[in-house]
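**Q** Sending over a structure as structure tokens; questions will come in a sec.
A short reminder: the numbers here are calculations on the coordinates, not readings from a lab. Note that this is a predicted model, so its numbers are computed, not measured. Neighbour counts run over all protein chains shown; Cβ positions are idealised from the backbone, glycine included.
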Amino acid sequence: MSRDAEVRIVAAREEDVPIILALIRALAEYEKLLHECVATEADLHRWLFGPRPAAKTVLAFVGETPVGFALFFENFSTFLGRPGIYLEDLFVREEWRGRGIGRRLLEHLAALAVEQGFGRLEWAVLDWNAPSIAFYRSLGARLLDEWKIFRLTGDALTSLGRRAMTPVDRV
């Protein structure tokens with residue numbers, strides 16, 4: 001497969017929501033987390049294409065076949081004093097791996113970050129995913145062993161949020 005001739009990386013459009021959801025479910029299955037994947041098309045319409053989008057998505061196509069995606073959003077580095085891109089998910093369908101598609105998706109995000117003057121591109125990877133870790137290192141990415149990710153969801157998030165003394169000011 002010719003790297004540049006056949007792979008297209010395009011910004012997702014609202015009509016791509018069924019494709020995005022199918023790729024998210026394929027990612028969840030690969031990560032053995034399908035039981036946690038509760039996203040719906042309505043969720044994606046609201047949060048990716050609604051009045052206040054929370055994230056952006058790019059899709060990788062070979063011909064007319066959707067073969068991968070990257071979902072990302074802006075974050076901010078207080079130490080750098082400028083924004084960055086946080087890559088929430090990167091996924092290439094198994095039968096299309098090893099053809100440079102994941103690299104093309106990351107190159108696209110890196111180009112966006114550079115063009116906008118952002119300070120970094122970062123993401124998390126499951127500790128058992130050795131092929132992805134090796135791939136990311138081959139690109140020059142550095143594994144931050146000193147950091148641990150914390151997460152509040154469900155009842156714990158609701159409980160902590162209810163402890164606020166006054167209503168939260170909307171940002």
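**Q** Please report how far the C-alpha centroid of region 108-144 lies from that of region 36-92, rounded to the nearest whole angstrom.
**A** 15
**Q** Another question, if that's okay. With the convex hull built on the Cα atoms of the chain, state its orientation-averaged projected area in nm². Each step should come with its number before you reach the end.
**A** On the way: hull surface 48.9 nm².
Computing the convex hull of the Cα atoms and averaging its projections yields 12.2 nm².
**Q** Using DSSP loop states and a limit of at most 11 other Cβ atoms within 10 Å to flag chymotrypsin sites (Phe, Trp or Tyr not before Pro), what is the longest stretch of the chain containing no flagged site? Working shown, then result.
**A** Numbers: sites that count: F79, W128, W147, F150.
Counting only loop sites that pass the neighbour cut-off, the longest clear stretch is 1-78.
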